[in-house]
Structure formats: structure tokens, C-alpha cells
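Trainee: Supplied in C-alpha cells, the structure appears directly below.
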Amino acid sequence: MINQRNLSARNDLRQRGQSIIEMALLLPLMLVLIVGALEFGRVFFTKIVITNAAREAAYYLSINPTDYSGGSAPNTVLAAQSEASNSGIPNISVTISPTSYAGEPSFEITVVTELQDFMMLNLINDTFAITGTNQEFFSLSSTVEMMVQ
């Protein structure tokens, strides 16, 4: 006669082993999804910050067009850098181009920053030894055009 208690103990051990194996198989996938979502959020936040910096610089230059002279506008660049650094993005480069919109003078402001330390890209590069992706940064830019008021 088979002891009912022994069968129950064996089934419990099998279920525990099955749970451990399922967790071992799903945990890497779950971690990749979580880290990927965090990285996407960081890129999205940075894009919003540099768009706001470009918008702030364009607004400043639209109400102070005399700041642009000789191909540079130091106060406009300072406005963009201040907006970006207040949001946690300290290193940006600002390019200013005079343009015209419907015959009216306007300025086009481009703000560029480089994102570093991508966990997902480094993980994929280290795991699969992808050649040709030795970039340690990802360039992100935003452009805003505003008419002079």
C-alpha cells in the first residue's frame, strides 16, 4: 500500500522545483524589460529637456534679436544651458541659424546632447560581441524655430 503522505511530499518537491525553474527562465526576460523601460524613460526625459532648452533659447532670441551678432549669441546659449542644467542635463551644445519664415526674420535653435552609460546597449554588446557598435554615447538633438517679435 502506498503511503499518501509520501506522495504528497513528492508532489510538493516537484512543484517547488518547477517553480524555481520557471523563475530562473523568466527572471532574465523580466529584468531586460524593466531595464529597457527605465532606459526608454531616461531617453524620453532627456529629449523633453533639450526640447525645452531649445524652446527657451528660441524664445529669448525672438524677444532679444540683438543678442545674435557675428554668428554668436552668448546670452541665448546661456539661456539654453541654464534650462538644461536646471533639469539635470549639464552638457549640451547649441547651434543658432538665422532663417526667415513667411518673409519675416526668425531663428532656428538646435540643441544636441550625448547620452552615455546605456545599460541595455552595453549588455547586448558584451553578451553577443557585436562589432561596429563601439559607440559609448548616443547623440540626441532637438530643433525649434521661432519668429522675431
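The values are calculated or read from the model by the stated rules, or taken from the named source; none is laboratory data. The structure presented is a predicted model; accordingly, all values stated were derived computationally and were not measured. When we count neighbours, we look across all protein chains shown, and the Cβ atoms used for this are built from the backbone with ideal geometry, even at glycine.
Trainee: In the list I63, I48, which residue meets the criterion of being surrounded by 10 or more Cβ atoms within 10 Å (Cβ to Cβ), closer than 18 Å to E108 by Cβ, modelled with pLDDT of 85 or more and of a type in the set (A, V, I, L, M)?
Mentor: Within the list I63, I48, the selection yields I63.
Residue-wise test of (1) under 17 Å from N86 (Cα atoms); (2) modelled with pLDDT under 90.
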position: R14; (1), (2): no, yes
position: A24; (1), (2): no, no
position: V35; (1), (2): no, yes
position: N52; (1), (2): yes, no
position: R55; (1), (2): yes, no
